[in-house]
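The values are calculated or read from the model by the stated rules, or taken from the named source; none is laboratory data. Everything numeric here is computed off the predicted structure, so don't read it as measured data. Cβ placement follows ideal geometry from the backbone for every residue including glycine, while neighbour counts extend to all protein chains displayed.
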């Protein structure tokens, strides 16, 4: 009877381990950028900053190295590939790839603290000088705008996330300095939320009004305030036309910053984005942080 029981048991599948990618030595510099959207030096720098959080506690059981985790995370964020494809490419299982992605994003959010408003008088003076050289408008410390990041349609309150372009999205508000570096980001509001509403509920508005470091350039989607310079709706005189041209020239830096970000990380604009309304702020911020690390 015991023999029959043993014979009838399901045979356990033997574990197999694929060849894992744990370095960039097999890729040329061009192939590295094409595959991961960062240079070899930038990836090594990023891995060095995240190693303490991503290194496995043990080398037993075919643990995944910190470099493999960085490469998996970058591949998903830059290309938006299905996890199964990323897993096959790096020699791990789909389940491991999913876990590694969250570990990578969490590590970036904890360790890469490079999105911050100017803190010193020297930084503010450099920003004001940079904008003045660009658009001849004084006392400008940044340019602000919003961009839409596609998400999977939420099960609840899905209509609130439908943006003006007709798809489900998060309205991400970002501010950059004269050198196109992001200095503030808000990534938590539904796509139907107006840019002005996002600004009115942000800590950025409170900071600009209480600290008065200077002024921000914004488009017509924002109200004209003591801290926001917007274009004139109907310029009549030559002076008003010159102001609008100068304001547009200065504001262009935030549009260029978004363009560079979306060109590097295509998943930000993919309508097949894997993001949900609950994880967007968690997974969108790394794009901006990694951009500054490149």
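Does residue 70 qualify as being at pLDDT below 90 and surrounded by 15 or more Cβ atoms within 10 Å (Cβ to Cβ)?
Values: at pLDDT below 90: no; surrounded by 15 or more Cβ atoms within 10 Å (Cβ to Cβ): yes.
The answer is no for residue 70.
Could you identify the single residue in 28, 93, 39 that is surrounded by fewer than 17 Cβ atoms within 10 Å (Cβ to Cβ), free of Cβ contacts under 8 Å to residues at least 12 places away in the same chain and touching a helix residue (DSSP H, G or I) at 6+ places or on another chain (Cβ under 8 Å)?
Working: 28 fails: touching a helix residue (DSSP H, G or I) at 6+ places or on another chain (Cβ under 8 Å); 39 fails: free of Cβ contacts under 8 Å to residues at least 12 places away in the same chain.
Checking each option against the conditions leaves just 93.
I'd like to know if the range 74-83 contains one or more residues that are at pLDDT 90 or above and exposed (fewer than 11 other Cβ atoms within 10 Å of the Cβ). Give the derivation first.
Of the residues in the range 74-83, the ones at pLDDT 90 or above are 74-75.
Filter again for exposed (fewer than 11 other Cβ atoms within 10 Å of the Cβ), leaving none.
There is no residue in the range 74-83 that is at pLDDT 90 or above and exposed (fewer than 11 other Cβ atoms within 10 Å of the Cβ).
So which residues in the range 124-141 are in contact (Cβ under 8 Å) with a residue 60 or more places away in the chain and in a loop (DSSP other than H, G, I, E, B)?
136, 137, 139
Is it true that residue 51 is surrounded by fewer than 21 Cβ atoms within 10 Å (Cβ to Cβ), within 18 Å of residue 293 (Cα to Cα), assigned by TED's automatic domain parsing to the domain that holds residue 26 and modelled with pLDDT of 90 or more?
On the way: surrounded by fewer than 21 Cβ atoms within 10 Å (Cβ to Cβ): yes; within 18 Å of residue 293 (Cα to Cα): yes; assigned by TED's automatic domain parsing to the domain that holds residue 26: yes; modelled with pLDDT of 90 or more: yes.
Yes: the conditions hold for residue 51.
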